[in-house]
Amino acid sequence: MPTSSSTRRYPYPAERVWAAIDDFGAISTFHPLVSHSETTNGQATGLGAERTCIFDKGPIFERITGYDPGQRMEVEIYETGPFPLKRAVATLEVKPIDPDSCQFVFEMDFTPKFGVVGKMMG
């Protein structure tokens, strides 16, 4: 399964960055490619919370499948909509560096659609 990852340092306290990603339905407030987002099962955060993310190409549906408050969450994209993915799981981690900055780690494991061609694209 292909993996994509990114690590960034932010000049904000870890608690502030965590608060932004922990408000699960509000990803559209900071993700430039998500035009609209909302929770879909009445749960704003934590294990089992679900959301819809609207992109230019259409919606995807996600749920939190792993959750360590203030530190780490695992998010499964369970309906990939128009994207060429069969399955995808993202891990988001916030690590304090000092009181005023933190490191944000994003990693995604995914299985592309389209058989052998999809594997080559991955």
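The values are calculated or read from the model by the stated rules, or taken from the named source; none is laboratory data. Fair warning: this is a prediction, and the values are worked out from it, not measured in the lab. Using ideal geometry, Cβ is built from the backbone for each residue, glycine included, and neighbour counts are taken over all protein chains shown. Just the protein is used for accessible areas: all its heavy atoms, side chains included, with ligands, DNA and RNA removed. Shrake-Rupley method; radii C 1.70, N 1.55, O 1.52, S 1.80 Å.
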**Message:** Six or more apart or on different chains, Cβ atoms under 8 Å: show the pairs whose first residue is in segment 82-101 and more than 12 Å from ARG16 (Cα to Cα) and open to solvent by less than 60 Å² (accessible area, probe 1.4 Å) and whose second is part of a strand (DSSP E or B) and of a type in the set (Gly, Ala, Ser).
**Reply:** THR91/GLY66
**Residue selected from segment 62-81 under the condition among the polar types (S, T, N, Q) and open to solvent by 50 Å² or more (accessible area, probe 1.4 Å), by the criterion nearest to SER35 (Cα to Cα)** = THR65
**Message:** Name the residue that is surrounded by the fewest Cβ atoms within 10 Å (Cβ to Cβ), counting only residues in segment 38-61 that are in contact with a strand residue (DSSP E or B) (Cβ under 6 Å, 6 or more places away or on another chain) and in a loop (DSSP other than H, G, I, E, B).
**Reply:** ASN41
**Prompt:** So which of SER5, SER35 ends up being free of Cβ contacts under 8 Å to residues at least 24 places away in the same chain, surrounded by fewer than 16 Cβ atoms within 10 Å (Cβ to Cβ), of a type in the set (S, T, N, Q) and out of contact with any Cys (no Cβ under 8 Å at 6 or more places or on another chain)?
**Reply:** SER35
